[in-house]
1. Hey, Asp27 hits all of (1) open to solvent by less than 80 Å² (accessible area, probe 1.4 Å); (2) among the charged types (D, E, K, R); (3) over 15 Å from the mean Cα position of the chain (by Cα) but one; which does it fall short on?
2. Return yes when Ile78 is over 14 Å from Arg101 (Cβ atoms), at pLDDT 90 or above and surrounded by 12 or more Cβ atoms within 10 Å (Cβ to Cβ) and no when it is not.
3. How many residues are under 11 Å from Leu25 (Cα atoms) and not aliphatic (A, V, I, L, M) if we restrict to region 63-77?
4. From Arg57, Arg61, which residue is closer than 20 Å to Tyr23 by Cα, open to solvent by 40 Å² or more (accessible area, probe 1.4 Å), in contact with a helix residue (DSSP H, G or I) (Cβ under 6 Å, 6 or more places away or on another chain) and at pLDDT 90 or above?
Amino acid sequence: MAEPPRQPKKVKDPPEQRRIPCYALGDVGKLKDMADADNNLSALSRLKPMDPCFVRRSGGRFTFAKVISRQDGPEAQIELQVDYDGSTKTLPMIQCAKYVRTLNSMVRWKLPSAGPSRRSSDPPRSESSDAKVGRP
């Protein structure tokens, strides 16, 4: 009798490649995707236009954003785009350590070529409590 043909073995990607989150502007961030305090401070000083980050919103959550402009000097500030409608948030650099978080090295981000990444039929963004201020 002939043996049945062998099925090729499925090779799984390493866990670090399978679990890389991908954010769009305005998505609520998770603390595990944000740089820790030591790395955050050094990374904040290197932020430049088009760099991704998380920014604390008025509701206390950190949402995904990108740097639009940065001004250094005595009135140093940073301007961030917080959604695809073009809404921005401008912060004095002195406040960035409190209100801006950089990404840890395992996070990717996506920027659609035009318009929001979600259709009106998509479910609303999650209201995860991970990115609330005061959580360890």
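The values are calculated or read from the model by the stated rules, or taken from the named source; none is laboratory data. Bear in mind that the values here come from a model prediction, so they are computed numbers and not experimental data. Cβ: placed from backbone, ideal geometry, glycine included. Neighbour counts: every protein chain shown. Side chains are part of the model used for accessible areas, which takes the heavy atoms of the whole protein and leaves out ligands, DNA and RNA. Shrake-Rupley method; radii C 1.70, N 1.55, O 1.52, S 1.80 Å.
1. Result: Asp27 fails condition (3) only.
2. Numbers: over 14 Å from Arg101 (Cβ atoms): no; at pLDDT 90 or above: yes; surrounded by 12 or more Cβ atoms within 10 Å (Cβ to Cβ): yes.
Taking the combined requirement at face value, the residue does not satisfy it.
3. Of the residues in region 63-77, 3 are under 11 Å from Leu25 (Cα atoms) and not aliphatic (A, V, I, L, M).
4. On the way: Arg57 fails: in contact with a helix residue (DSSP H, G or I) (Cβ under 6 Å, 6 or more places away or on another chain).
Of Arg57, Arg61, the one residue that is closer than 20 Å to Tyr23 by Cα, open to solvent by 40 Å² or more (accessible area, probe 1.4 Å), in contact with a helix residue (DSSP H, G or I) (Cβ under 6 Å, 6 or more places away or on another chain) and at pLDDT 90 or above is Arg61.
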